[in-house]
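Everything below concerns the one structure shown next.
The values are calculated or read from the model by the stated rules, or taken from the named source; none is laboratory data. Fair warning: this is a prediction, and the values are worked out from it, not measured in the lab. Here Cβ is always computed from backbone atoms with ideal geometry, including for glycine, and neighbour counts include all displayed protein chains.
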Amino acid sequence: MKTNHPDLIIPLDFSNIDSALQMAQLLAPEKPWMKIGLEMLMHAGPLIVTRISEFGVPVFLDGKFHDIPNTVAGAVRNAVKTGAKMINVHAFGGLRMMQAATNAAIESANAAGIEKPLMIAVTILTSISEDELKNEIGCIRNTSQQAIALAKLAKEAGMDGVVTSAHEIAAIKEACGKDFLTVVPGIRLADSAADDQRRIATPKSAILAGADFLVVGRPVTEAADPLQVCRNIRAEMNNALNGKCNA
């Protein structure tokens, strides 16, 4: 799928359909991506993707699929039918699972006569600390090492990119190539609270590191003027990109 980089993704993490639709309609003039996550999926069902798409914005179906390869393949086939332009799975599901997801996306898109959505693998959640990764999950690698290893596995599986923190962008691009996409959550404005995120970055620092997509949630959706904040973030992204290009 062809898309502009870098771009902005706004999570519609609401507990009711009306709030999600109102926010999508409000932000639609700025044309950001909209992310439908588990909270909204469990409330409204997957057809909410189709409804949000009607506002003329691309939708990221953030289901974070993680199961046996056959089950994930089936989930991806149905996810493609919603019209989602981006779908993700957990890289921890392994090579065979990610390959099954990639193949299912291609098959489903071809059968429907539509373009294959971007297939993205989640590396390490930005809410996970170094201590939690080691002592709770039992990972022998540190956060950056594990994220890079999972990114390389995702590329081998045919995925288009990964969800990763801003701290691993440069290393992942070096390991997987500059065209391998990085979707970066944990983005906070300079005056925003970190909330439950541990590994965060500003829009400027993420763009300078080479991010392709920035996921910015509560700083936008909980603002008094979400559309203006969205525009301000886009301006910061563009200024950082122009400075990077002119450096």
Item to check | Test result for ARG96, touching a residue at least 24 places away in the same chain (Cβ under 8 Å) and over 19 Å from ILE10 (Cα atoms) | outcome: yes
Checklist outcome for this item: In the range 15-41, anything in a helix (DSSP H, G or I), touching a helix residue (DSSP H, G or I) at 6+ places or on another chain (Cβ under 7 Å), free of Cβ contacts under 8 Å to residues at least 60 places away in the same chain and closer than 13 Å to GLY56 by Cα is listed as LEU21, ALA24
Next on the checklist: Can you list residue pairs whose Cβ atoms sit under 9 Å apart, with the first residue in the range 110-127 being more than 21 Å from GLY94 (Cβ to Cβ) and among the polar types (S, T, N, Q) and the second being modelled with pLDDT of 95 or more and assigned to a loop (DSSP other than H, G, I, E, B)? Count only pairs 6 or more apart in sequence or on different chains.
Outcome noted: ASN110/LYS116
Item to check | Test set (1) out of contact with any helix residue (DSSP H, G or I) (no Cβ under 9 Å at 6 or more places or on another chain); (2) part of a strand (DSSP E or B); (3) charged (D, E, K, R) - GLU132 fails condition number | outcome: (2)
Item to check | Residues (touching an Asp or Glu at 6+ places or on another chain (Cβ under 9 Å) and not in a loop (DSSP other than H, G, I, E, B)) located in the range 135-145 | outcome: THR143, SER144
Next on the checklist: Suppose the filter is of a type outside the set (Ser, Thr, Tyr), crowded, with 17+ Cβ neighbours inside 10 Å, on the phi < 0 side of the Ramachandran plot and not in a strand (DSSP E or B); does VAL49 pass it?
Outcome noted: yes
Checklist outcome for this item: For the range 80-115 the number of residues that are buried (at least 18 other Cβ atoms within 10 Å of the Cβ) and not in a helix (DSSP H, G or I) is 9
Checklist entry - In the range 31-58, which residues are within 10 Å of the chain's Cα centre (by Cα) and more than 17 Å from SER15 (Cβ to Cβ)? => result TRP33
Item to check | Options VAL72, VAL57: the member that is buried (at least 17 other Cβ atoms within 10 Å of the Cβ), of a type in the set (A, V, I, L, M) and assigned to a helix (DSSP H, G or I) | outcome: VAL72
